[in-house]
1. Apply the Karplus parameterisation 6.51 cos²θ - 1.76 cosθ + 1.60, with θ equal to phi minus 60°, to every residue of the stretch A:45-54 and state each ³J(HN,Hα) to the nearest whole Hz, in sequence, with x for glycine and proline.
2. How do A:LYS120, B:LYS81 rank when sorted from fewest to most other Cβ atoms within 10 Å of their own Cβ?
3. Using Cα positions and a limit of under 19 Å, work out the lysines in reach of A:LYS48, with same-chain residues fewer than 8 apart set aside.
4. Compute the Cα gyration tensor for the stretch A:58-119, then decide on rounded, prolate or oblate, letting a ≥ b ≥ c be the square roots of its eigenvalues: rounded whenever a/c is under 1.5, prolate when a/b is larger than b/c in the other cases, and oblate in all that remain.
5. Pull up all non-local amide H partners of B:TYR157: gap of 5 or more, or a different chain, and H-to-H distance under 5 Å with H placed in the peptide plane.
6. Could you list B:ASP73, A:ASP85 so that the one with the fewest beta carbons within 10 Å of its beta carbon is first and the one with the most is last?
7. Can you work out ³J(HN,Hα) from phi for every residue in the stretch B:44-49, in order, using Karplus 6.51 cos²θ - 1.76 cosθ + 1.60 and θ = phi - 60°, giving whole Hz and x for Gly and Pro?
8. How do B:SER48, B:SER136 line up, fewest other C-beta atoms within 10 Å first?
Amino acid sequence: MTRALRLLHQTTLTAAFLAMSAITPLAAQSTTVTSHDAWVREPAPNRKQTALFVVIENPGTAARSIVKASSDAAETVELHEMIRDAGMMRMSPVKAIAVPAGGKAELKPGGLHIMLFGLKKQPVDGDTIRVQLTLDDGATIRVVAPVRKVGSMP
Amino acid sequence: MTRTVPRSSRLLASMAMVLTVATGCGGSSSDGPPVLPIGGDFVLTDHSGQRFESTSLRGKVVLVFFGYSFCPDFCPTTLSKLAAVTRRLGDAAPGIKTLYITVDPERDTPAVLKDDLANFKLDALGLTGSRAALDSVVNRFGARYEIVPTPESVAKYTVSHTTSVYVLDRRGRVRFELPYESSVEEILMSVSTLLKERP
C-alpha cells in the first residue's frame, strides 16, 4: 500500500517535472545554484545511517529551495534539521531547505543536514559519497562528498 | 507515544539548587563548586551487557550525558569533545570516566552502544536499561527527553533530549552541569578542578 502510494507519488512528481521542463526548459537550465565543502560523517561501525553536510550557494536573483535528495549509496535520503529548543535537541525531517537569492544554505553539524538511511556499504574515511539534490525549479545539483572520521576535536 | 519526564521534578531540582547556592549549604566543605541537588547512584547495563553500578566509579571524576545512537550529530560531537578532553589531560586521563546513557533503549542495545563508542579514544561506557530504570536516572539528573513520532521519515521516530554534560566528583556528587555549547577548555577546566580535590 505504502509502496504503491510512493510509486504513485513519484510518478506524479515525474509527470509534473516533465510538464514543467517542457514548458520552461530555460528556467531549469539557468539555475546557478552550486555546492561546496561537502562532507559525510563516518558512521560508527555497523551503523546504517549518517549525515551529509554541505554549503549551497545561490548567486541568482530568485530564491530557490532544495526539495529532494537521493543517492546510490543509501536506500533513503531525507532532508533533516536539528533544532535547539528550550534546552532540548530536536531532530526532525523537513520538507524543503531554503536557499535565498544571493545567499546560501549552510548544512552543518547542529543544524540542517542531509540524512542517509540504509547505507548500502559502510562508508569509511577517504571514501566519497555522491548525492543528487533536486531544487524546486527541477534543476539538480550533484554533490560529491568525502567521508571524514571525526574522532576528536582539536 | 510521547513520553516526557515530569517537569515538576526538574523545577524542584532547580529551586533546590537556588536555595543551596543562596544559603551556601551545598555540602561542599571547601570553596569549590557547590554540590548540585541532582544525580544520585544508579544501576544500569553497560555496553558489554554487564550490570553496572555507579558506585563502582568512586574515586574517579565522571562525565555523564544522555543521548541516543540514531542521532548522528549530538552524540558524536559530545564524544569527540570528551575525547579531546581526555587527550589534553594526558597522564591524568585515567582519573576520569565517561558515561553515555541512552534514552532510546529499543534501538540502543549494548552492542549498538559499543559500536557507537568505537571511533573515539576515551574511557567510556555506554549504558542502557529498562525504560523505567532509565527514566529514573533521567529524572534524578533533571534531564528530559521526548519520543517524537516521525511517520514521514524512515527513522519512524526521533528522540528530543536535553544535552547537558554532568560532571561528578570523586564521591559521585554532581558539581557541574555544562551546556552543550561548552568548549573543550571549559569541560577541561571543570574536570581539572574536581581532579584536584581529595578523593
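1. Listing the rounded values in order: x, 6, 7, 9, 9, 7, 10, 10, 10, 6 Hz.
2. A:LYS120, B:LYS81
3. Leaving aside lysines fewer than 8 places away in the same chain, those within reach of A:LYS48 are A:LYS120, A:LYS121, A:LYS149, B:LYS114, B:LYS156.
4. Oblate, since a/c reaches 1.5 and b/c is not below a/b.
5. Residues meeting the criterion, in which the H sits 1.01 Å from N, are B:THR150.
6. So the residues, fewest neighbours to most, are A:ASP85, B:ASP73.
7. Residue by residue, the stretch B:44-49 yields 9, 10, 8, 6, 9, x Hz.
8. The most exposed by this proxy come first: B:SER48, B:SER136.
None of the figures in this text is laboratory data; all of them are computed from the coordinates on show. Being a predicted model, the structure only gives us computed values, none of them experimental. Virtual Cβ from ideal backbone geometry, glycine too; neighbours counted across all protein chains shown.
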